Amino acid sequence: MEQPHTRARRKKRRRLRPFRVLFALLFVGFIAAGLYSVWQYNQGKELAVGSKPDSGNFSGDPADARQPYIENYLLLGVDDDGSGRSRSDTMLLASWNRETGKVKLVSFMRDIYADIPGYKSYKLNTAYYLGGVQLAKDTISGMFGVPIHHYAVTDFDNFEKLIDIAAPDGVTINVKKEMSEKIGVTLNPGVHDLNGKELLGYARFRADKEGDFGRVARQQEVIGAVKDKVVSLKTLPRLPKLAGAATGYVETDIGGTDGLQKVIRAIVSGGVDIERMTIPAKGTYSFATYPHAGSVMEIDKAANREALGKFLDLPLTETGASAFAD
């Protein structure tokens, strides 16, 4: 005759069996998801071997002990002028707060008359042409008192390819006017799902009365639209492939597995709208012309340092200036 304690153990095993099966299925699922991610990542890498620009060496600023959770990324979009050298047509600073997941985005106008270390003053986009990403970084951090920890550079052809990988069905944009001049595509008014080439054309258009100001605003709009697309449930499974392609299409000081983890964490953590700013700030600039530089924007450096410092919540000295060294 079966003992009572034997029957009790058998009943307990039967009760635990569904949970064991569930745990086994979850474990297998996690392994499968990990293998799929690795496969997607390698697929992306194979698409972009040897395609990224060469921007020279880079030395970022150390993390501020008062704000170790802040990482500032200099994001440059470069355009070859046909000589094999490029100017930075797009210059953005993305400030990521790892504790809150918030991202702040600063656009720098390319025609700012800039103090370029070791050279006479030129337009800000000339710094990259003269000395690569390091000189662009030193120029921006020196003029505006903001630390820059990391960078990423891509050219416009690669931008198109990355968009088509991230969003094969396009990125939704409300085009408010007809656009065609000098952008390689024709865009008609209305809500459209733009592919990589069309989205780049939209971001670069400036043949209207808004000029560079409209172009910078559209660049910021494009960043927000791409972010919204990438964090959608439909697109999330493609993130490893996108990160893999980025290793070949984007030059950066963050790479490998750690780079993949940072990219994915930064993308999926930003559940709120990106806060945006443009430098120079309103009312802090005037226009001038120089024989060696052409038409430029002369800015009030002190006013712009202050405005940028407030926007990024930079630590301040007792005088109210940014504590970051000149």
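The values are calculated or read from the model by the stated rules, or taken from the named source; none is laboratory data. The structure displayed is predicted, hence computed values, not measured ones. Cβ coordinates were reconstructed from backbone atoms using ideal geometry, including for glycine residues, and neighbour counts include every protein chain displayed.
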- Item | Failed condition for residue 319, given (1) part of a loop (DSSP other than H, G, I, E, B); (2) modelled with pLDDT under 95; (3) closer than 19 Å to residue 93 by Cα | (3)
- Note on the structure: Of those in region 114-143 that are touching a residue at least 40 places away in the same chain (Cβ under 8 Å) and aliphatic (A, V, I, L, M), the residue farthest from residue 74 (Cα to Cα) is 143
- Message: Given the criterion of a type in the set (Gly, Ala, Ser), over 21 Å from residue 254 (Cα atoms), under 18 Å from the mean Cα position of the chain (by Cα) and modelled with pLDDT under 95, identify the matching residue among 217, 207.
- Response: 217
- Is it the case that region 284-297 has a residue that's within 30 Å of residue 100 (Cβ to Cβ) and either modelled with pLDDT of 95 or more or of a type in the set (Ser, Thr, Tyr) (or both)? yes
- Can you name every residue in region 90-110 that is closer than 25 Å to residue 301 by Cα and out of contact with any Ser or Thr (no Cβ under 9 Å at 6 or more places or on another chain)? 94, 95
- Could you identify the single residue in 84, 101 that is under 16 Å from the mean Cα position of the chain (by Cα), modelled with pLDDT under 90 and in a loop (DSSP other than H, G, I, E, B)? 101
- Out of region 117-143, which residues are over 16 Å from residue 60 (Cα atoms) and out of contact with any helix residue (DSSP H, G or I) (no Cβ under 8 Å at 6 or more places or on another chain)? 120, 121, 123, 125, 126, 129, 130
- Query: Could you list, in sequence order, the residues of region 109-154 that are touching an Asp or Glu at 6+ places or on another chain (Cβ under 7 Å) and among the charged types (D, E, K, R)?
  - Reply: 110, 111, 123
- Item | Single residue of region 91-116 satisfying the filter (touching a Lys or Arg at 6+ places or on another chain (Cβ under 8 Å) and within 19 Å of residue 55 (Cβ to Cβ)) that is surrounded by the fewest Cβ atoms within 10 Å (Cβ to Cβ) | 94
- Quick one: is residue 59 polar (S, T, N, Q), outside any helix (DSSP H, G or I) and within 21 Å of the chain's Cα centre (by Cα)? yes
- Do we find a residue being closer than 23 Å to residue 109 by Cα, surrounded by 17 or more Cβ atoms within 10 Å (Cβ to Cβ) and touching a helix residue (DSSP H, G or I) at 6+ places or on another chain (Cβ under 6 Å) anywhere in region 178-189? yes
- Message: Report every pair of residues separated by at least 6 positions or lying on different chains whose Cβ atoms are under 6 Å apart, first residue within region 285-301 and surrounded by fewer than 14 Cβ atoms within 10 Å (Cβ to Cβ), second of a type in the set (D, E, K, R).
- Response: 286/298; 288/298
- Item | Residue in region 67-85 that is in contact with a Phe, Trp or Tyr (Cβ under 6 Å, 6 or more places away or on another chain), among the acidic types (Asp, Glu) and either more than 21 Å from residue 218 (Cβ to Cβ) or without any contact (Cβ under 8 Å) to a residue 60 or more places away in the chain (or both) present | yes
- Task: Report, by residue number, each residue of region 236-264 that is touching a helix residue (DSSP H, G or I) at 6+ places or on another chain (Cβ under 6 Å), of a type in the set (Val, Ile, Thr) and at pLDDT below 70.
- Result: 263, 264
- Residue pairs meeting the criteria (Cβ under 8 Å; at least 6 apart or on separate chains; first among the aliphatic types (A, V, I, L, M), in region 166-191; second surrounded by fewer than 11 Cβ atoms within 10 Å (Cβ to Cβ) and part of a strand (DSSP E or B)): 173/191; 175/190; 175/191; 191/174
